[in-house]
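Colleague: One structure is given below, represented as structure tokens, and several questions about it will come after.
The values are calculated or read from the model by the stated rules, or taken from the named source; none is laboratory data. Just so it is clear, the structure is predicted and the values come from calculations on it, not from any experiment. We place every Cβ from the backbone using ideal geometry, glycine too, and count neighbours over all the protein chains shown. SASA here: full protein model, heavy atoms, side chains in, ligands and nucleic acids out. Shrake-Rupley method; radii C 1.70, N 1.55, O 1.52, S 1.80 Å.
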Amino acid sequence: MARKAFFVALAVFFYILCFFFSVHPAHTHESLGVGGMEVLFSRAHLGLDEVLGLHSGDFRPISGNVVRFWNVKDELWIRIPMSKLREMDRALPAEKAVLSLQCGLFSSVGFYIPTAEGEFTYSAYGIGTFLEEQRLPQRFPAFFLSGDYDNGHAYLNVRTNIPVSFGVSVQDEDVHHYIVSRFVAGYLIFYSCLMALTLTCLLLYLMTGDPGYAIAALRQLGALIFLFIVNDVFLYIFCLTYSFTLPPRTVYILCWLGLGLHGVMQAFLCRHLLRTDEEPAWLKRLIYAHALLCVIMAASAFRQEPHITLALAVLALIMDTISFLAVGFLKFRQGYHVVFLFVLSRLAFMLGCVALSTIALYVPHTYVAESFLMVFFLLDPILLFLMMIPDTRRRFMLYFFMENKEGGYDVLSERDGLTGLYNKASFLALFDGKFKAAQKALNPLAFIVMDIDYFQEYSKSRGRQEGDKLLIFLAKLTRQSLRESDVAARHAGGEFGIILPGGTLPFAVLVAERIRQGVEKYGAALNKPPAVTLSVGMSFMKREDTMAELIQRGYEALHLARNNGCNRTEFELSV
């Protein structure tokens, strides 16, 4: 199992890594980093008219083209010299250049670009807003560089609910859309895999009733909501499709609610894995405390105090680490592969969180960074799923074993154990159905009852084993003489019954004589006394008959055959 998990993880890693590294090299030189930027933090939200006064603000220069915005309670203003943007614009071959911020974790971004009249043109980017004149969902905020004003400054207003670092660059319009389409395609595969794994856990829960799968499905649903909101590609697609927007505060709350649900279900999963163990009291309390802390963390999002929520998240992560490692240690005696996959699954999720934090805080979004993020967040449910497969396989094997066993019991309850024919109770139940069907359709029906002559004496003189052989032979001969629609049964001792739907007199006599003569030949081949013969009685359904009357007349014909010397076939004279 561990080897399978390793190869699955390796395949996922290389698939996503190759996907993101397959960027056309001709596009790499058409994205230019913006230098010479300056930043200003403001606690007051400024309107469009107040932007004119920003030029006298206390802006501070930054090195390179990467901006670090960790003071989330303030608004971040970025000032870029228009001369620098115009220089980059002219350096690109396309007619339109795009100013892009390499980060998808903003609440909103506003772009103010000066005009020759001394005013500003304003473009807004937030939940549900997109690049002008383009209906392609954006992975990152992007704005067209328009206008002919070469002096002054352009301003970016950035708001976010979590600390972020982001790069600012100027790109060819085609390059920008190419990069965005690559990210959208990659995340389409990523989210499709996550949703497929979530639905698989839900389906297995419905099939097996194992609460572990329900917990795993809810756990994965929480992670899916969290990643769906944080990596907002498909949130934009959703808003674009249904033409409405979600407020930044709602997005922020949904993000932490998803992570809180994931944490609570992770605690329940640890508790579920210990259901057959004698867990220490401290571990049980720690697991419940972890679940409670995740609930408090999610509830704190409604106050919109990011620092408090982040501190609670870090504390929950520490408690989670202690609990799942302790659970893994206690489960070690149940098999190393269970521990390996369980611990590795949780470590993958935590590494995914580390990768997400690293991208947000230190490294602007790149193909390589996001590929590692996707690999870790995909490995988490895959490894967890592999951990639960052996238990599921045993559950299904037990289920099918019980089904087959119950099916065997059903066969034993309706069949004669020696001959394999129906027993008398099953025969009468089938007889009732075929009798009613024949009466309703006005079709003929024949009943044949056979009895081995002096079978008790034969068994006593030759032994019970020889008697059983004779019964098995008669059952085999009877099956060979009947059609699929006919029914044969062993009533008791050497007595057998046959139902012939559609059986007319000539056909019934033909069947009865074939069986009788076969038994006679069997006895002759033995060439030992006593002789083996068969007496047969037949009756045929009349319109006014009941099933009991038909059976009674069959037995009367059998008694007639015995009284007339045995080894013969008799039927009612009124037919």
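Colleague: In square angstrom, rounded to the nearest 10, how much accessible surface does Lys84 have for a 1.4 Å probe?
Modeller: 70 Å²
Colleague: Would you grab the residues whose amide H sits under 5 Å from the one on Ala97? Only those 5+ places off in sequence or on another chain, please, with H modelled 1.01 Å from N.
Modeller: Residues meeting the criterion, in which the H sits 1.01 Å from N, are Leu145.
Colleague: Assuming R0 = 51 Å, can you tell me the calculated FRET efficiency for the pair Glu495 and Leu206, based on Cβ-Cβ distance, to the nearest 0.05?
Modeller: 0.55
Colleague: Taking θ = phi - 60°, what integer Hz values does the Karplus form 6.51 cos²θ - 1.76 cosθ + 1.60 yield along the range 462-471, in sequence order, with x for Gly and Pro?
Modeller: After applying 6.51 cos²θ - 1.76 cosθ + 1.60, I find 9, x, 5, 5, 5, x, 5, 4, 5, 5 Hz.
Colleague: What's the extension gain from Ser426 to Glu457 if we count 0.36 nm per residue and subtract their Cα-Cα distance?
Modeller: Answer, rounded to one decimal: 8.4 nm.
Colleague: Can you give the accessible area of Arg562 in Å² (nearest 10), computed on protein heavy atoms with a 1.4 Å probe?
Modeller: 80 Å²
Colleague: Across the range 519-528, in residue order, what do the Karplus-derived ³J(HN,Hα) couplings come to in whole Hz, using 6.51 cos²θ - 1.76 cosθ + 1.60 with θ = phi - 60° and x for Gly and Pro?
Modeller: 5, 4, 5, 4, x, 5, 5, 5, 6, 9
Colleague: To the nearest 10 Å², what's Thr546's accessible area with a 1.4 Å probe?
Modeller: Per-residue accessible area (Thr546): approximately 60 Å².
Colleague: Based on the alpha carbon coordinates of the range 407-532, what radius of gyration and maximum Cα-Cα distance (Dmax) apply, in Å?
Modeller: 15.4, 49
Colleague: Amide H to amide H, which residues 5 or more places from Ser108 or on other chains are under 5 Å from it, using H placed in the peptide plane?
Modeller: Those lying under 5 Å, H to H, from Ser108 are Arg159.
Colleague: Among the listed pairs Lys73/Lys96; Lys434/Lys542; Lys476/Lys521; Lys476/Lys542, which have their C-alpha atoms separated by more than 23 angstrom in this model?
Modeller: With Cα atoms farther than 23 Å apart: Lys73/Lys96; Lys476/Lys542.
Colleague: Hey, could you grab the Kirkwood Rh for the range 416-481? Inverse mean 1/r over distinct alpha carbon pairs, Å, one decimal.
Modeller: 14.0 Å
Colleague: In addition: At Trp70 and His559, where each label point lies 7 Å from the Cα along Cα→Cβ, what is the point-to-point distance in nanometres?
Modeller: Calculated label separation equals 10.7 nm.
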